[in-house]
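Trainee: Take a look at this one; I'll ask things after.
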């Protein structure tokens, strides 16, 4: 037993929960938990652990990052091991419906891309060893 709470999953709001859940399912190689409805969709990894949950909401103000008119409030960071993987995942993310917000591929210390998912939530994919 741990003395601290443990993260169960990250919940993202979306007006079109099915589209957003499918985006992350395909981007991260996850699968759906059986029995969920479109108002609450849990995505699991290959070991059955919760990763991301999508919650349907009636209205969502799309973040405007890097402008702070509508704050991002949070974002997700994903890592890959090489610049080649970063490029491959950039193409995949865009093919799946992500929009590129910031290109820092040429950063010698930390190459990365910042995207908005189909609902507008920002997320990063970067080269990092941990």
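Every number in this text was worked out from the coordinates using simple rules, so none of it is lab data. None of the values given here were measured: they were computed from a predicted structure. Counting neighbours? That spans all protein chains shown, and the Cβs are built from the backbone with ideal geometry, glycine included.
Trainee: How much of the calculated P(r) for the chain lies past 21 Å, in percent of all Cα pairs?
Mentor: Numbers: 3723 of 8385 pairs.
Tail of the P(r) past 21 Å holds 44 percent of the pairs.
Trainee: A further question follows. Going by the alpha-carbon gyration tensor, a ≥ b ≥ c the square roots of its eigenvalues, is the range 61-130 rounded (a/c under 1.5) or, if a/c is not under 1.5, prolate (a/b greater than b/c) versus oblate?
Mentor: Numbers: a/c = 2.21, a/b = 1.61, b/c = 1.37.
Prolate shape, in that a/c is at least 1.5 and a/b is the bigger ratio.
Trainee: Out of all DSSP beta bridges in the range 6-59, what portion is antiparallel? Express it as a percent rounded to 5. Working shown, then result.
Mentor: Values: 8 of 13 bridges.
Percent antiparallel among DSSP bridges in the range 6-59 is about 60.
Trainee: Suppose a student asked you for the relative contact order of the chain, using Cα pairs under 8 Å spaced at least 6 residues apart; what percent would you report?
Mentor: Values: 231 pairs, mean separation 30.0, N = 130.
The normalised contact order for the chain reaches 23 percent.
Trainee: I need the shape label for the range 34-87. Rule: rounded when a/c is under 1.5, else prolate if a/b > b/c, else oblate, with a, b, c from the alpha carbon gyration tensor.
Mentor: Working: a/c = 3.14, a/b = 1.03, b/c = 3.06.
Oblate, because a/c is 1.5 or more while a/b does not exceed b/c.
Trainee: If you don't mind, another one. Using the eigenvalues of the Cα gyration tensor, what equivalent ellipsoid semi-axes result for the range 6-59 when each is taken as the square root of five times the eigenvalue, whole Å, largest first? Intermediate values should be presented prior to the final figure.
Mentor: Working: eigenvalues 59, 27, 20 Å².
Whole-Å semi-axes of the equivalent ellipsoid: 17, 12, 10.
Trainee: Rounded to the nearest 5, what % of DSSP beta bridges with both residues in the range 21-130 are antiparallel?
Mentor: Working: 18 of 23 bridges.
So the antiparallel bridges amount to about 80 percent of the total.
Trainee: Beta carbons within 10 angstrom, averaged per residue: use that to sort the peptides 45-57, 109-121, highest first. Write out the running numbers ahead of the final one.
Mentor: On the way: 45-57: 14.7, 109-121: 19.0.
Listed from highest to lowest mean packing, they are 109-121, 45-57.
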